[in-house]
Each structure stands twice: as structure tokens, then as C-alpha cells.
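Asks: Got a structure for you, questions after.
Every number here is computed from the coordinates shown, using simple stated rules; none is lab data. Please read these numbers as outputs of a predicted model, since none were measured by experiment. Using ideal geometry, Cβ is built from the backbone for each residue, glycine included, and neighbour counts are taken over all protein chains shown.
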């Protein structure tokens, strides 16, 4: 009797979790599914954010190209025109060029 009760409770809990996860997925309308692991990643306007980020750079075209690559891979562009790179996390701060220089502006 107790095993049957445990089985019914487990099934009910599974159904409840499934319904709540479906609701969470529907709430993320500004996110896109990418990659083999099917994670939800936020949509980021890389062009607009990189334009602001590189507006005061001495070489804006080079900066925009590097920023666009970093934004597409990391789904983040730090605020402001300089610094604040740690806000975007390890992906943004650890990306390097072939010459081992930091890639992301």
C-alpha cells in the first residue's frame, strides 16, 4: 500500500514539475534556442550595442568587428565605451586572439 502511495505521489510531483517548466519556457519570449544542448539564450542586439561600445575607439571598424564576434559567442556586451568587461563573465574576458591578446573590447 505504501509503495503504491509513493508511486502516485511521485507521478503527481513529476506532472506538476512538467507543467511548471512549460510555463517558464513560454515566459521567455525574447530568447532563442541555440546549440545542441537546446539552452535558452537571450536575444542581444549586437550591432547596436557594439556601435555604442566602439563609438570612442581609435579604430571603430576593428573594434566593431571584434565586439560583434564576442557578442555573438557570449551573448553580452559590457556597458559603456571602456572597461566593465567582467560584467559579461569568463566567456568575454578570456577570449583571446591568435597572438594571445584579449579579443573583446
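Asks: When a footprinting reagent is the concern and you count Cβ atoms within 10 Å, what order do 52, 77 take, fewest first?
Replies: Ordered by Cβ neighbours within 10 Å, fewest first: 52, 77.
Asks: Here's something else I'd like to know. With a 10 Å Cβ neighbour count serving as the proxy for reagent exposure, in which order, fewest first, do 49, 62 appear?
Replies: 62, 49
Asks: Still on this structure: Arranged by the count of other C-beta atoms within 10 angstrom, fewest first, what order do 87, 8 take?
Replies: Fewest-to-most Cβ neighbours within 10 Å comes out as 8, 87.
Asks: Once label points are set 7 Å from the Cα along Cα→Cβ at both residue 51 and residue 72, what is their separation, rounded to one decimal in nm?
Replies: That separation, rounded to one decimal, is 1.8 nm.
Asks: Okay, moving on. Kindly give the semi-axes, whole Å and largest first, of the ellipsoid equivalent to segment 46-94, taking each as the square root of 5 times a Cα gyration tensor eigenvalue.
Replies: They are 16, 11, 9 Å, listed from largest to smallest.
Asks: Still on this structure: Over segment 46-94, what relative contact order in percent results from Cα pairs under 8 Å that are six or more residues apart?
Replies: Relative CO of segment 46-94 lands at 35 percent.
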